[in-house]
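*Asks:* Handing you this structure, nothing more for now.
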Amino acid sequence: MALGAGKEIIFDQPLTLLPATVKQGEVVKLEANYILLEAKQKKGSGRQTYEIKVEGNDSSRTPLQNFADCFVITTTVIRYPAGGTAEGYMVKEWYARDIGLIKSAGEVLR
């Protein structure tokens, strides 16, 4: 899923990944078409899907400090390039109240 230097993905519409209010267990699904640019030239296109699950609240230990009551989400992203093989990744993120993202862990999906 790495884009590499000089590459960009431009979506055909803005993406709101999470609404302003969500509930534990809620799953948000969306997709958008994109074009792939390399050195400002169009090199491809496709569709990208997102599935975001609100895991709820959890604590998290980081080298900085321990955080209680973090908001946790898991996001799965799959890119379907036109004429190519689908590729994707999954990432779990912990957000501390009044601080923001404090921890992220993920994996490439094969």
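The values are calculated or read from the model by the stated rules, or taken from the named source; none is laboratory data. It should be emphasised that the depicted structure is a prediction, and the values quoted were computed from it without experimental measurement. Quick reminder, even Gly has a Cβ in these numbers, built from the backbone with ideal geometry, and neighbours come from all protein chains shown.
*Asks:* Using the structure shown, decide if Lys29 is more than 14 Å from the chain's Cα centre (by Cα), part of a strand (DSSP E or B) and either hydrophobic (A, V, I, L, M, F, W, C) or surrounded by 10 or more Cβ atoms within 10 Å (Cβ to Cβ) (or both).
*Replies:* Details: more than 14 Å from the chain's Cα centre (by Cα): no; part of a strand (DSSP E or B): yes; either hydrophobic (A, V, I, L, M, F, W, C) or surrounded by 10 or more Cβ atoms within 10 Å (Cβ to Cβ) (or both): yes.
It is false that Lys29 is more than 14 Å from the chain's Cα centre (by Cα), part of a strand (DSSP E or B) and either hydrophobic (A, V, I, L, M, F, W, C) or surrounded by 10 or more Cβ atoms within 10 Å (Cβ to Cβ) (or both).
*Asks:* I'd like the full set of residues that are closer than 18 Å to Glu93 by Cβ and out of contact with any strand residue (DSSP E or B) (no Cβ under 8 Å at 6 or more places or on another chain), limited to region 22-52.
*Replies:* none
*Asks:* Of all residues in region 27-68, which are in contact with a Pro (Cβ under 9 Å, 6 or more places away or on another chain) and free of Cβ contacts under 8 Å to residues at least 24 places away in the same chain?
*Replies:* Hit for region 27-68 is Ala32, nothing else.
*Asks:* Go through the residues of region 39-48 one by one and say whether even a single one is surrounded by fewer than 16 Cβ atoms within 10 Å (Cβ to Cβ), over 12 Å from the mean Cα position of the chain (by Cα) and farther than 16 Å from Leu3 by Cα.
*Replies:* The answer is no, given that none of the residues of region 39-48 is surrounded by fewer than 16 Cβ atoms within 10 Å (Cβ to Cβ), over 12 Å from the mean Cα position of the chain (by Cα) and farther than 16 Å from Leu3 by Cα.
*Asks:* Within region 39-57, identify whether any single residue is in contact with a Gly (Cβ under 6 Å, 6 or more places away or on another chain) and under 26 Å from Ile9 (Cα atoms), and answer yes or no.
*Replies:* yes
Conditions tested, residue by residue: (1) polar (S, T, N, Q); (2) in contact (Cβ under 8 Å) with a residue 60 or more places away in the chain; (3) surrounded by 15 or more Cβ atoms within 10 Å (Cβ to Cβ).
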{"site": "Cys70", "(1), (2), (3)": "no, no, yes"}
{"site": "Ile73", "(1), (2), (3)": "no, no, yes"}
{"site": "Val77", "(1), (2), (3)": "no, yes, yes"}
{"site": "Met90", "(1), (2), (3)": "no, no, yes"}
{"site": "Arg97", "(1), (2), (3)": "no, no, no"}
{"site": "Gly100", "(1), (2), (3)": "no, no, no"}
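Per-residue answers, yes or no, for (1) of a type in the set (Ser, Thr, Tyr); (2) modelled with pLDDT of 90 or more; (3) more than 18 Å from the chain's Cα centre (by Cα); (4) not in a strand (DSSP E or B):
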site	(1), (2), (3), (4)
Ala2	no, no, no, yes
Ile9	no, yes, no, no
Pro19	no, no, no, yes
Ile35	no, yes, no, no
Thr74	yes, yes, no, no
Tyr80	yes, yes, no, no
Gly83	no, no, yes, yes
Trp94	no, yes, no, no
